[in-house]
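Reading through the C-alpha cells given below for one structure.
The values are calculated or read from the model by the stated rules, or taken from the named source; none is laboratory data. Keep in mind that what you see is a predicted model, and the values were worked out from it rather than measured. Just the protein is used for accessible areas: all its heavy atoms, side chains included, with ligands, DNA and RNA removed. Shrake-Rupley method; radii C 1.70, N 1.55, O 1.52, S 1.80 Å.
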Amino acid sequence: MIKGIDHIGIAVKSIEDAKKFWVGTLGLKLLRIEDVPEQKVRVAMLEAGDATIELLEPTSPDSPVAKFIEKRGEGLHHVTLQTDKLADRLKALKAAGVNLIDEKPRVGAGGTGIAFLHPKSAHGVLIELCESE
Ligand code: CMX
C-alpha cells in the first residue's frame, strides 16, 4: 500500500524568512513555490534526496496552517506518504476505523490527488496520503 515518503510539511510564518535557513544555510535546492488555494497555503518545495521538504505558509487566517501556528508555533506539520489507488485505500482505512479528514481524494500541491488522516488516528501525527502509481 505505502510506497514511500513523498514529503514532510513544515508550518512557517513566512517562506521568505524560512528560506534563509533551509536554502541559505542548509543549502537545499528550491524546486518551486506555488499557491494551493484549496488548502489556503503557499508552499515551497525543497529537494532533499528521494523526498521533499514542503514549507507551508498560510495565506488566510482561517487556513489550517494558520490555526496550527497560532496553537503550536512553527514546526513539523504533516508527513505525506505515497500510495497507489488512493480512493480504494481511503475506503479500506475507513472500514478499519481510521478517522479520515477527507473521505475522497482532493487536489493538493502539484495537482495530485491527496487526502488527510486525522492525527487522533495516527498517534498525534497528521498524515497526508498522495496518489502515486
Ligand atoms: N499535527 C498534529 N496534530 C494536529 C495538527 C497537526 N498538523 N493539527 C491539529 N492537530 C491537533 C490539535 O493539536 C488538536 O489536538 P487536541 O484536541 O489534543 O488539542 C486536534 O488536532 C484538533 O485541532 P484543532 O486546532 O481543533 O484544529 P481543527 O480540528 O480545526 O483541525 C485538522 C485539525 C488536522 C483536522 C485540520 O488542520 C485539517 O483538516 N488538516 C488537513 C489539511 C491541511 O493541513 N492542509 C494544509 C496542508 C496543505 C498541503 O500540504 O497541500
By DSSP, what percent of the beta bridges with both residues in the chain are antiparallel, rounded to the nearest 5? 75
At a 1.4 Å probe, what is the % contribution of carbon and sulfur to the accessible area of the chain? 54
Please compute the length gained on full extension between S14 and E70, using 0.36 nm multiplied by the number of residues separating them and subtracting their Cα-Cα distance. 18.8 nm
Can you tell me how much longer the chain between D35 and E47 gets when fully stretched, taken as 0.36 nm per residue apart minus their C-alpha distance, in nm with one decimal? 2.5 nm
Using alpha carbons only, how many degrees (0 to 90, rounded to 10) separate the axis of helix 86-95 from the longest principal axis of the chain? 60
How large is ³J(HN,Hα), in whole Hz, for each residue of the stretch 116-133 in order, when computed from phi with the Karplus curve 6.51 cos²θ - 1.76 cosθ + 1.60 and θ = phi - 60°, using x for Gly and Pro? 9, 9, 5, x, 5, 8, 9, 6, x, 10, 6, 10, 10, 9, 10, 6, 8, 7
Residues meeting the amide H criterion for D6 (H placed from the backbone, H to H distance under 5 Å, 5 or more places apart or on another chain) are T80, L81, Q82
From the phi angles alone, apply the Karplus equation (6.51, -1.76, 1.60; θ = phi - 60°) to the stretch 44-59 and give each ³J(HN,Hα) in whole Hz, x where the residue is Gly or Pro. 10, 9, 10, 6, 9, x, 6, 10, 9, 9, 10, 7, 10, 10, x, 10
Taking only the Cα positions of the chain, the convex hull volume per residue in Å³ is 106
With every protein chain left in place, what is the accessible area per residue of the chain in square angstrom, probe 1.4 Å? 57
Can you list residues whose amide H is under 5 Å from T59's amide H, if they're 5+ apart or on another chain and H is modeled 1.01 Å from N? V41, R42
Candidates G24, G113, G73: whichever shows maximal mean-square fluctuation once the chain is modelled as a Gaussian network with Cα springs under 10 Å: G24
